[in-house]
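Q: Before I ask anything, here is the structure I am working with.
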Amino acid sequence: MKSSNILRSVLFLTGLIGAGAGAANLPAPFAEQLNANYPAIENLYQDLHRNPELGFNEHQTAAKLAELARKLGFEVTTGVGGTGVVAIMKNGPGPTVMLRTEMDALPVQEKTGLPFASKATAKNAAGETVSLAHACGHDLHMSAWYGTAKLMADNRKAWSGTLMLIGQPSEETVHGAEAMLKDGLFKRFPKPDYALSFHDDATMPSGTIMYHAGPFRASSDVVNITVFGQGGHGAVPHEARDPIVIASRIVLALQTLVARENNPIDPLVITVGSIHGGTVANIIPDQVKLSLSVRTFKPEVRKRVLASIAREAKGEAMAAGAPKEPLVQVEPGTDSVYNDPELIGRMVKTVQGAVGPEFVKEMPAKMTSEDFSQYGLQPGVKAVLLHVGAVDGARLEAAKKAGQPLPGTHSPQWAPDFKPTVVNTIKAEIAILLDLMAPKK
């Protein structure tokens with residue numbers, strides 16, 4: 001069953017289809033406090049934006065979040081999974097609900113022109129100096145995380161249970177969630193009944209809360225292939241075995257795995273993002289290296305495709321008479337994000353009441369990856385990742401009419417429309433938490 005059909009079934013069963021839209025508001029104290037807290041939230045955003053840090057090196061960022069949470073009364077532990085932050089507030093009987101934010105930035109030189117633009121640099125894993133920027137909006141996510149934490153801490157009579165706030169390292173490498181789990185995230189701390197996260201998005205107007213039930217974000221793996229040949233003079237190729245030609249044939253053959261071996265209704269992407277070989281025009285090199293990104297949704301498709309990539313690479317090398325078969329190395333990434341359909345159905349009505357039904361939209365699945373998937377794979381944890389539109393509506397509409405794409409996440413020009421985006425993110429987070437953690441009468 002398609003995810004959209006799953007969701008409609010859930011909405012029908014829970015009585016949401018055909019129901020009148022709820023009023024777009026939060027309880028009065030929350031709405032008033034959110035307005036009062038906004039300047040501090042914006043200041044935090046600008047500070048985080050100016051001072052980005054790479055994955056597993058978010059030392060200053062983690063310290064800031066930890067200190068803010070401590071001041072709100074949370075019990076805070078740092079250094080989980082490297083630089084991860086865990087903040088716990090126990091507030092009577094009820095479920096444990098986890099709200100996660102990512103903390104890391106990207107090795108991108110910012111070109112937004114903002115007065116608080118990042119000028120930061122750092123050494124990457126290869127020892128190279130790179131520019132840094134929050135080009136994926138994690139600074140916005142952290143700001144909303146703090147805004148929500150403050151409202152929940154200041155209104156403890158409105159909810160009951162255990163609120164678990166996570167500051168996660170290294171989402172961009174899709175290994176931060178795994179690192180926290182391996183460090184005992186759900187053993188040293190309460191295991192959540194529900195896990196929630198938000199991500200900004202360039203495809204919808206600012207503040208639009210976007211949902212998708214079922215498989216939502218793709219799994220991701222890197223495959224490195226080293227093709228071996230026999231080097232020689234470019235003028236006498238018959239005396240060599242050209243690995244550049246073999247690598248080129250592999251690149252083309254890999255696309256048949258998508259076009260001719262995969263069911264068209266099972267999404268699959270194989271991208272050859274890097275190919276390196278040779279030094280000058282008149283020398284045939286000894287080897288060529290390829291680096292691939294592989295995206296799938298189904299575990300069985302993922303397993304089959306990774307095996308097929310190795311088969312195609314070795315087959316092309318054999319056909320060309322290579323001196324030895326290619327070296328194929330898989331770097332496992334992360335699994336597909338699965339949004340619990342029942343929980344999505346419940347959240348849709350809740351969020352409509354907080355931000356208005358016109359700001360709640362269903363969205364398609366995406367082939368991009370997110371290691372939030374790792375939390376939902378843990379037994380007993382129902383997880384949902386929602387997106388929030390972050391582009392001014394008029395600007396987005398004008399760009400569509402002109403046929404000119406706007407910068408999106410991971411672009412040096414990415415600058416979310418902050419206030420309406422962060423405000424509706426906080427409203428949605430608060431509404432969901434209050435619903436899941438409503439005190440029993």
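The values are calculated or read from the model by the stated rules, or taken from the named source; none is laboratory data. All values reported here derive from a predicted model rather than from experimental measurement. FYI the Cβ positions are ideal-geometry reconstructions off the backbone, even for glycines, and counts take in every protein chain you see.
Q: Are any of the residues in the stretch 400-418 closer than 21 Å to residue 191 by Cβ and either at pLDDT below 95 or among the polar types (S, T, N, Q) (or both)?
A: No, because not a single residue in the stretch 400-418 is closer than 21 Å to residue 191 by Cβ and either at pLDDT below 95 or among the polar types (S, T, N, Q) (or both).
Q: Quick one: which residue in 182, 157, 187, 150 is crowded, with 18+ Cβ neighbours inside 10 Å, among the basic types (Lys, Arg) and either assigned by TED's automatic domain parsing to the domain that holds residue 66 or in contact with a Gly (Cβ under 8 Å, 6 or more places away or on another chain) (or both)?
A: Unique residue meeting the criteria: 150.
Q: Would you mind finding the one in 406, 433 that is assigned to a helix (DSSP H, G or I) and either in contact with a helix residue (DSSP H, G or I) (Cβ under 7 Å, 6 or more places away or on another chain) or not assigned by TED's automatic domain parsing to the domain that holds residue 144 (or both)?
A: The unique qualifying residue is 433.
Q: Output the residue which, of all residues in the stretch 315-338 that are closer than 18 Å to residue 224 by Cβ and buried (at least 17 other Cβ atoms within 10 Å of the Cβ), is nearest to the chain's Cα centre (by Cα).
A: That would be 334.
Q: Follow-up question, since we're still on this one. Would you check which residues across the stretch 353-383 are of a type in the set (Val, Ile, Thr) and either part of a loop (DSSP other than H, G, I, E, B) or closer than 24 Å to residue 300 by Cβ (or both) and list them?
A: Matches in the stretch 353-383: 368, 381.
Q: Exactly one of (1) surrounded by fewer than 17 Cβ atoms within 10 Å (Cβ to Cβ); (2) at pLDDT 95 or above is unmet by residue 176. Its number?
A: Result: residue 176 passes all but (1).
Q: A further question on this structure: Could you please give the count of residues in the stretch 370-399 that are touching an Asp or Glu at 6+ places or on another chain (Cβ under 8 Å) and either at pLDDT below 95 or of a type in the set (Gly, Ala, Ser) (or both)?
A: Of the residues in the stretch 370-399, 6 are touching an Asp or Glu at 6+ places or on another chain (Cβ under 8 Å) and either at pLDDT below 95 or of a type in the set (Gly, Ala, Ser) (or both).
Q: Touching a residue at least 40 places away in the same chain (Cβ under 8 Å), surrounded by fewer than 22 Cβ atoms within 10 Å (Cβ to Cβ) and assigned by TED's automatic domain parsing to the domain that holds residue 96: which single residue out of 386, 396 fits that description?
A: The unique qualifying residue is 396.
Q: If you don't mind, another one. Can we say residue 195 is hydrophobic (A, V, I, L, M, F, W, C) and assigned to a helix (DSSP H, G or I)?
A: no
Q: Consider residue 375 against the criteria (1) under 27 Å from residue 151 (Cβ atoms); (2) in contact with a Phe, Trp or Tyr (Cβ under 8 Å, 6 or more places away or on another chain); (3) not β-branched (Val, Ile, Thr): it satisfies all of them except one. Which criterion is unmet?
A: (2)
Q: Of all strands (runs of 3 or more DSSP E) completely enclosed by the stretch 273-352, which ones contain at least 3 residues that are closer than 30 Å to residue 376 by Cα and not hydroxyl-bearing (Ser, Thr, Tyr)?
A: Those strands (runs of 3 or more DSSP E) span 287-296, 327-334.
Q: Follow-up. Quick check: anything in the stretch 211-232 surrounded by 20 or more Cβ atoms within 10 Å (Cβ to Cβ) and of a type in the set (S, T, N, Q)?
A: yes
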